[in-house]
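Trainee: Quick one: the structure is below, and I'll ask about it shortly.
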């Protein structure tokens, strides 16, 4: 039997670097949306994990347009889509800070009327 004096780790390092590049390039696309929204800031954020299996993201831009998972919808189309949601669906709301409060209130009223209580509002942490 031949004794091994050294082990070549260069192929292992190459594989790990490739995996690292894949993880770093794909991680930046996971949370970001294609719709530009200036999210309001708050002092501290708290809450549960917002990454459940069945979740929908609703965005309100500064012009008051509604987007359901990056698809533009009118308020009536959004109501019809929300009617099809399961009661356990998690809804994540992203609203532009310059949009009117009226749009946010209309959306939360629709969600409440449909019995959807698992609602999260995205905000950025305020930098001191």
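Trainee: Taking residue 70, is it surrounded by fewer than 16 Cβ atoms within 10 Å (Cβ to Cβ), more than 15 Å from residue 121 (Cα to Cα) and either modelled with pLDDT under 85 or in contact with a helix residue (DSSP H, G or I) (Cβ under 6 Å, 6 or more places away or on another chain) (or both)?
Mentor: Yes: the conditions hold for residue 70.
Trainee: Follow-up question, since we're still on this one. Report, by residue number, each residue of region 109-119 that is under 21 Å from residue 63 (Cα atoms) and surrounded by fewer than 16 Cβ atoms within 10 Å (Cβ to Cβ).
Mentor: 109
Residue-wise test of (1) surrounded by 10 or more Cβ atoms within 10 Å (Cβ to Cβ); (2) modelled with pLDDT of 85 or more; (3) touching a strand residue (DSSP E or B) at 6+ places or on another chain (Cβ under 6 Å); (4) farther than 16 Å from residue 120 by Cβ.
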position: 8; (1), (2), (3), (4): no, no, no, yes
position: 11; (1), (2), (3), (4): no, yes, no, yes
position: 29; (1), (2), (3), (4): no, no, no, yes
position: 66; (1), (2), (3), (4): yes, yes, yes, yes
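The values are calculated or read from the model by the stated rules, or taken from the named source; none is laboratory data. Since the model is a prediction, treat every value here as computed from it, not as a measurement. Note that each Cβ is placed from the backbone with ideal geometry, even for glycine, and that neighbours are counted across all protein chains shown.
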